[in-house]
Amino acid sequence: MQLFNELKNLSAKHIKVNKQASQKVPSGIWIACPKCHQSFYHKDLGQYKVCPNCQYGFRITARQRLNWLVDSFEEIDADLLTDDPLQFPDYQKKLIKSQQLTKLNDSVLTGFAQIQSEKFALGIMDPFFIMGSMGTITGEKLTRLFEKATQKQLPVVLFTASGGARMQEGIFSLMQMAKVSAAVKQHSDAGLLYVVILTDPTTGGVTASFAMQADITLAEPRSLIGFAGKRVIEQTTGQKIPSDLQDAETVLKHGFIDQIVLRSELKNKLKWLLEFHQRRDS
Amino acid sequence: MSGLLDHKKTAAEIVKLARSDDKVSVKFLLTEIFQDFIEFHGDRVYGDDPAIIGGLAYLNQQPVTVISTNKGQTTKEKLASHFGCPEPAGYRKALRLAQQAAKFKRPVIFLVNTAGAYPGRSAEENGQGEAIAKNLYEFSKLPVPIVSIIYGEGGSGGALALACGDRVWMLENSTYSVLSPEGFAAILWKDSSRADQAAEILQLTPEKLLRQQVIEGIIPESHSKYRLVKAIKRVLLQEIDQLQQMTTDELLEKRRMRYRKF
């Protein structure tokens with residue numbers, strides 16, 4: 001034990017770094033978890049891309065998530081493109097880059113999916129598409145998803161991941177909050193189920209609209225869920241905020257999340273919930 | 001009718017005027033537009049947020065529910081209301097009073113002047129996002145006319161939560177945007193001092209917003225606050241009268257379409 005402590009207290013000056021050796025290790029082999037800071041071998045992330053130590057779910061694209069989430073999927077509205085309402089400088093370039101990276105037209109993937117025999121409308125936001133920000137097409141795709149689900153009498157399952165409103169689309173981005181909310185309400189009034197899974201990060205205008213309007217609100221472990229950004233809070237109030245203030249676990253404690261679900265268990269959990277809510281009136 | 005007709009103000013000038021300390025106060029609006037305003041407190045969950053003032057009043061002979069943001073006049077009031085930035089309790093109070101209005105079939109009027117929802121630790125802990133989300137959700141189907149007047153700043157989701165009804169009007173010197181010009185400049189250029197430039201790009205002036213059909217109209221600001229109040233009152237009476245002629249189904253369908261087009 002003594003030896004162990006000494007090792008722990010070794011400072012940089014005691015260690016001669018073999019720089020050549022460290023250069024031989026390709027980057028990406030060792031990964032540090034952004035939440036618990038533990039380092040681990042990259043293969044330990046596994047197919048779900050989860051920290052083996054704290055279960056934090058690394059950010060993944062919508063299509064990566066789709067791979068293991070459902071048994072079948074039929075995409076809709078994949079061709080809608082924003083008409084750049086503010087004619088915002090360099091916005092087009094950003095869009096093209098994100099489209100190539102995520103293989104999506106905008107920050108959410110929508111369609112109809114099946115897990116075994118359970119049919120449902122599915123939306124997955126992509127944190128790599130301009131930070132998952134909500135543009136007009138994001139709002140349009142989600143609105144259409146809820147509208148079509150209402151017509152077809154299907155439940156909606158939505159994975160949120162967003163930095164909030166998309167400032168490049170100004171006030172039109174803001175209006176999406178009201179537009180999608182109205183579609184969610186209509187879907188709900190038709191007696192249909194809406195399950196949301198909050199993933200890292202869910203913030204701003206998305207938290208302040210459809211992320212918080214579901215019948216059942218699940219979250220992935222240690223994902224950041226909040227309204228205002230940490231920096232904005234600290235600058236406005238002049239106070240340091242605890243580092244876990246916006247962790248899903250804290251948000252659950254304050255009463256805004258039903259359950260935290262491991263990524264590897266999501267599919268089964270959804271299947272169970274969808275089955276449970278099978279409409280028995282027909 | 002000064003203002004609109006003389007030199008065209010830049011977006012940055014309008015931002016300054018919208019935030020000015022001389023801006024008409026909520027107390028003045030409540031006592032001059034309405035008769036017999038009586039304030040009701042509390043969200044019935046855990047608190048009462050002074051950043052939102054709400055209650056009952058007559059608009060001429062018409063009973064209405066009025067809900068307004070409040071920046072406060074004295075330093076003490078300003079601090080208590082976080083300079084007019086509502087906490088979740090404020091949004092929940094607004095929802096409670098609006099639902100009460102629906103029960104008794106009276107229109108709801110929102111007067112909005114806020115830089116945005118309060119970004120603070122307590123606000124996060126008490127579900128700022130959830131509170132705004134619930135307002136958007138419930139107001140989309142509230143079965144009575146909802147008219148909002150933005151009379152200063154209309155800051156992001158914090159303003160939208162009180163301006164998501166049937167009609168939205170803005171005073172000539174007011175703004176409505178997805179984030180502040182400073183925040184915008186800080187994100188875009190990592191330099192909040194370029195806020196003036198940001199204000200232009202953001203298209204946050206009433207004129208721009210009217211053209212984009214985000215709002216229904218602009219109320220000119222004259223030097224006389226009494227004349228301004230008269231103009232606001234005329235707009236409210238006219239809008240409420242029009243909205244009351246519709247059936248509830250018509251009203252709600254029109255409201256849905258108002259946002260569906262964006």
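Only the coordinates and a few stated rules stand behind these numbers; no lab work does. Keep in mind it's a predicted model, so treat the numbers as computed, not measured. Please note: Cβ atoms are built from the backbone with ideal geometry, for glycine as well, and neighbour counts cover all protein chains shown.
Results, tabulated for the structure shown:
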| quantity | calculated |
| --- | --- |
| Sorted by Cβ density within 10 Å, fewest first, the residues A:Met177, B:Met246, A:Met131 | B:Met246, A:Met131, A:Met177 |
| Average beta-carbon neighbours from other chains, 10 Å sphere, peptide A:161-170 | 4 |
| Cα gyration tensor category, rounded, prolate or oblate, for chain B with a/c compared to 1.5 | rounded |
| Per-residue [θ]222 nm for the protein assembly as shown (sum of -39500 (n - 2.57) over DSSP H runs n ≥ 4, rounded to 500) | -11500 deg cm²/dmol |
| Shielding by other protein chains, B:172-181, mean Cβ within 10 Å | 3 |
| Reachable aspartates and glutamates from B:Lys230, criterion Cα separation under 16 angstrom, eight or more residues apart if same chain | B:Glu32, B:Glu172, B:Glu221, B:Glu239 |
| Prolate/oblate/rounded call for region B:1-145, Cα gyration tensor, a/c under 1.5 rounded | oblate |
| Fraction of alpha-carbon pairs over 31 Å apart in the protein assembly as shown - percent | 48 percent |
| Listed residues B:Val214, B:Val108, B:Val15, most fluctuating in chain B (Gaussian network, C-alpha, under 10 Å) | B:Val214 |
| Greater than 20 Å apart at Cα, pairs in A:Lys185/A:Lys269; B:Lys16/B:Lys208; B:Lys208/B:Lys261; B:Lys27/B:Lys93 | A:Lys185/A:Lys269 |
| Surrounding net charge for A:Gly57, when Lys and Arg each add one and Asp and Glu each subtract one, Cβ distance under 12 Å | +3 |
| Cα gyration tensor category, rounded, prolate or oblate, for region B:152-220 with a/c compared to 1.5 | prolate |
| Neighbouring partner chain Cβ atoms per residue of A:179-188, average, 10 Å criterion | 6 |
| Cα-based Rg / Dmax (Å) for chain A | 21.0, 74 |
| Antiparallel DSSP beta bridges within region A:59-276, percent to nearest 5 | 40 percent |
| Least to most buried among A:Thr207, A:Thr217 (fewest other Cβ within 10 Å first) | A:Thr217, A:Thr207 |
